[in-house]
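**Student:** Structure provided below as structure tokens; questions to follow.
The values are calculated or read from the model by the stated rules, or taken from the named source; none is laboratory data. Nothing here was measured: the structure is a model prediction, and the numbers come from that model. FYI the Cβ positions are ideal-geometry reconstructions off the backbone, even for glycines, and counts take in every protein chain you see.
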Amino acid sequence: MIRFVLVASLLIGCRISLEDSGDTGGGRSCQVSTTSQTCMDATSHSDLAWIETNVFAPSCNFSGCHGSATDLGKLDLRAGFSRAALVNVASKIEPARKLVVPNDIASSYLMLMLHDYAPDAATPPASAPAGGYMPKDQDSLCCQKLDAVERWIMAGAN
């Protein structure tokens, strides 16, 4: 019974698309995790320090991707560098779009790249990223981690 209550509370705390769980570009491709402690801990976070350590470091900051501004991804998501690289910064892939627009998830290209919403839900509507969704060649982030990033953006991305 306790396990049921825990799972139910996680599901209530997360925005989950029941329309699409695939990677066709439709909606959110994430899954709610009830086995990853980090995913479960994400439900109580919206701070960039936690996101840098628990989202960016294990999923983005490795050799050749986003471990420095000179990596292939040209976006430094290391702790202490990510805010300056993300907030109100134009995307290198779609220069007309900002990576993170404080208080506006639908205008934040980062969230489209993370497959948090369908491209047609972007402001303005977009196409699926030409290079594919992030994290590249890995499983999608759990819904709880995406929600933590959303909360950070909606809180002003400070």
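**Student:** Being more than 20 Å from residue 47 (Cα to Cα), in contact (Cβ under 8 Å) with a residue 24 or more places away in the chain and touching a strand residue (DSSP E or B) at 6+ places or on another chain (Cβ under 9 Å) is the filter here, so list the residues in region 96-141 that pass it.
**Tutor:** Selection gives 97 alone.
**Student:** Same structure, new question: Residues 72, 77: which one is at pLDDT 80 or above and outside any helix (DSSP H, G or I)?
**Tutor:** Values: 72 fails: at pLDDT 80 or above.
On inspection, the qualifying residue turns out to be 77.
**Student:** Another one. Can you tell me which residues in region 112-121 are in a helix (DSSP H, G or I) and within 12 Å of residue 27 (Cβ to Cβ)?
**Tutor:** 112, 119, 120, 121, listed by residue number.
**Student:** Oh, and also: Taking only region 84-111 into account, find how many residues are part of a helix (DSSP H, G or I) and closer than 19 Å to residue 49 by Cβ.
**Tutor:** Taking region 84-111 first, the residues part of a helix (DSSP H, G or I) are 84-86, 109-111.
Then drop every residue that is not closer than 19 Å to residue 49 by Cβ, which leaves 84-86, 110.
Residues in region 84-111 being part of a helix (DSSP H, G or I) and closer than 19 Å to residue 49 by Cβ: 4 in total.
**Student:** Return yes when residue 42 is of a type in the set (Gly, Ala, Ser), out of contact with any strand residue (DSSP E or B) (no Cβ under 6 Å at 6 or more places or on another chain), modelled with pLDDT of 95 or more and surrounded by 19 or more Cβ atoms within 10 Å (Cβ to Cβ) and no when it is not.
**Tutor:** Criteria met by residue 42.
**Student:** (1) polar (S, T, N, Q); (2) closer than 27 Å to residue 36 by Cα; (3) over 14 Å from the mean Cα position of the chain (by Cα): which one isn't true of residue 144, the others all being true?
**Tutor:** With (1) polar (S, T, N, Q); (2) closer than 27 Å to residue 36 by Cα; (3) over 14 Å from the mean Cα position of the chain (by Cα) applied to residue 144, the lone miss is (3).
**Student:** Could you tell me which numbered condition residue 55 fails, if it satisfies all but one of (1) in a helix (DSSP H, G or I); (2) of a type in the set (Val, Ile, Thr); (3) without any contact (Cβ under 8 Å) to a residue 60 or more places away in the chain?
**Tutor:** In the conditions (1) in a helix (DSSP H, G or I); (2) of a type in the set (Val, Ile, Thr); (3) without any contact (Cβ under 8 Å) to a residue 60 or more places away in the chain, residue 55 misses (3) alone.
**Student:** Continuing with the same structure: For region 86-126, enumerate the residues that are of a type in the set (Phe, Trp, Tyr) and either surrounded by fewer than 16 Cβ atoms within 10 Å (Cβ to Cβ) or in contact with a Gly (Cβ under 9 Å, 6 or more places away or on another chain) (or both).
**Tutor:** Step one: list which residues in region 86-126 are of a type in the set (Phe, Trp, Tyr), which gives 109, 117.
Within region 86-126, 117 is the sole residue that qualifies.
**Student:** For residues in region 127-147 being buried (at least 16 other Cβ atoms within 10 Å of the Cβ) and among the polar types (S, T, N, Q), which is modelled with the lowest pLDDT? Outline the logic, then answer.
**Tutor:** Filtering region 127-147 down to residues buried (at least 16 other Cβ atoms within 10 Å of the Cβ) leaves 128-129, 133-135, 140-147.
Now drop any that are not among the polar types (S, T, N, Q), which leaves 140, 144.
Values: 140: 88, 144: 97.
Step by step, filter region 127-147, then rank; the result is 140.
**Student:** Name the single residue, out of those in region 148-158 being in a loop (DSSP other than H, G, I, E, B) and small (Gly, Ala, Ser), that is surrounded by the fewest Cβ atoms within 10 Å (Cβ to Cβ).
**Tutor:** Applying the filter and picking the extreme gives 156.
**Student:** Give region 36-52 a look and list any residue that's in a helix (DSSP H, G or I) and within 24 Å of residue 73 (Cβ to Cβ), or say none.
**Tutor:** Correct list: 38, 39, 42, 48, 49, 50, 51, 52.
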